[in-house]
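Notes for the one structure printed next.
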Amino acid sequence: MRVTIYKAPQPNKGEKLLQNGFQVEDFPYNPPYEDGKCYFAGANSRSLAEQYNQSYKQGILEVTIDQETYDRLFKPLERTYQGGSYIELPIPHDLFPTLNQFPRVLKRE
């Protein structure tokens, strides 16, 4: 089994993230990423990424991770988005190399 998570890339980042993956320099410890983390919408929260894409207009970047790796490394990061029903995953820099091992697809909608 696999789990797909979703990211609405900020302006001018869609193709870069698709081609080069997630790099520390793209998520610095200053605005808009004050904590340096890369935020994804969880597996059942694609519409959260779609909401951000309304502003960013870069499409939705989908990353598909095998279930075992997801459960071990990424599931512990899950939290509710602003207390609502959506799930977000703030992924720290040290997990970028693992994240980059998985297939990425940019879907322009």
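The values are calculated or read from the model by the stated rules, or taken from the named source; none is laboratory data. As the structure is a prediction and not an experimental result, all values here were calculated from the model. Note that we place each Cβ from the backbone using ideal geometry, even for glycine, and neighbour counts take in every protein chain shown. Accessible surface areas use protein heavy atoms only, side chains included; no ligands, DNA or RNA. Shrake-Rupley method; radii C 1.70, N 1.55, O 1.52, S 1.80 Å.
If you average 1/r over every pair of different alpha-carbon atoms in segment 60-104 and take one over that average, what Kirkwood value in Å do you get? Show your work: numbers first, answer last.
Details: mean 1/r = 0.0873 Å⁻¹.
Mean inverse Cα-Cα distance, inverted, gives 11.5 Å.
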* Alpha-carbon radius of gyration plus Dmax, which is the widest Cα pair, for the chain in Å -> 12.7, 36
* Structure fact -> Taking protein heavy atoms only, a 1.4 Å probe, and rounding to whole percent, the accessible area of the chain owed to carbon and sulfur comes out at 48
* To do: Find the accessible area per residue for the chain; the probe is 1.4 Å, ligands and nucleic acids are left out, and the unit is Å².
  => 55
* **Amide H contacts of I65 (H built 1.01 Å from N, under 5 Å, at least 5 apart or other chain)** => V3, T4, I5
* To do: Please sort 53-61, 36-44, 70-78 by packing, taking for each peptide the average over its residues of neighbouring beta carbons within 10 angstrom, highest first.
  => 36-44, 53-61, 70-78
* Each residue of segment 86-94 in order: what ³J(HN,Hα) in whole Hz does its phi give by Karplus 6.51 cos²θ - 1.76 cosθ + 1.60, θ = phi - 60°, with x for Gly and Pro? -> 6, 10, 10, 10, x, 9, x, 3, 5
* To do: Work from the charge dipole of segment 25-109 (Cβ charges, +1 for Lys and Arg, -1 for Asp and Glu, about the Cα centre) and give the residue of P28, Q67, N44 farthest towards its positive end.
  => N44
* **Dipole magnitude of the chain about its Cα centre (Cβ charges: Lys, Arg +1; Asp, Glu -1), debye to nearest 20** => 280
